[in-house]
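Below: one structure, written as structure tokens.
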């Protein structure tokens, strides 16, 4: 077994074992209960309602007791950190609540300077809590396969999805917002951290914006070369180059093509598709493990042809 195969197998094995680990310790729900208790101690003037195991809605009451949404808390990332280091639960929750406080204190001032874009799964925009008095719609745009481009507001501590109402209040048009977000991402992404293992590149962001990687300048254009990638999770992209001047496939690419079907079909990655760049354009692939598993798109909201939301000519097609 090569170093690459071992690395990916260990990664997938760790993912698959997390659910069993969580059963013997805290589940997502009980972890969320701990977060809510911490929030109530520091934000006693607010209410917290669980939308599902991984999502908490923040409710504010005015002097007449009328409710209004003050935000939505997503627990999936911090819960993943807990599963990797359960002994750090107290500091994890404390830092997480501090980040929420910081975002609240910072509010949404200077929105134009802090917009960024990142990929999330296509179900992510549906996590907005229902509010008949002020409907909230998350600003997003379809990407490839099972992914959407989400507009976020960035702070040093965390990111928060942008709602259409936020743009309206600041007088920012949707197209302008996406262009600003992509432009801001070039500096807010921070260092592109690349760990190379025999031709496999494990890519992340020093500022926690890893899934904005696909929208950095020069990542997918006519001069970037061809490549294929797997989104391992929100913090790691696995990429391998595709030779363009030779008919021979590199050892790393051969290894990737052998491993990718099982990895994707496991359902444990950040996307159930291989996202590739060929000739400066993005494309998708959903590999199969056998003849009984069709490679076609799943039922429901699926995007095959990516239409960029960015008007900037340098943005990937």
Could you tell me whether the stretch 73-81 includes any residue that is surrounded by 15 or more Cβ atoms within 10 Å (Cβ to Cβ), part of a strand (DSSP E or B) and either at negative phi or modelled with pLDDT of 85 or more (or both)?
yes
Collect the residues in the stretch 199-217 that are part of a loop (DSSP other than H, G, I, E, B) and either under 22 Å from residue 285 (Cβ atoms) or not assigned by TED's automatic domain parsing to the domain that holds residue 254 (or both), keeping them in residue-number order.
199, 216
Across the stretch 141-181, the tally of residues that are within 17 Å of the chain's Cα centre (by Cα) and not in a strand (DSSP E or B) stands at 10
So which residues in the stretch 231-264 are assigned to a helix (DSSP H, G or I) and farther than 22 Å from residue 77 by Cα?
251, 252, 253, 254, 255, 256, 257, 258, 259, 260, 261, 262
Run down 277, 220 and say which single residue is touching a strand residue (DSSP E or B) at 6+ places or on another chain (Cβ under 8 Å) and either over 23 Å from residue 154 (Cβ atoms) or not in a loop (DSSP other than H, G, I, E, B) (or both).
277
Do we have residue 88 as farther than 27 Å from residue 123 by Cβ and in a helix (DSSP H, G or I) here?
yes
Condition check: part of a loop (DSSP other than H, G, I, E, B), touching a helix residue (DSSP H, G or I) at 6+ places or on another chain (Cβ under 9 Å) and within 17 Å of residue 114 (Cα to Cα). Does residue 184 satisfy that?
no
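The values are calculated or read from the model by the stated rules, or taken from the named source; none is laboratory data. Not measured: the values here are computed from a predicted model. Cβ: placed from backbone, ideal geometry, glycine included. Neighbour counts: every protein chain shown.
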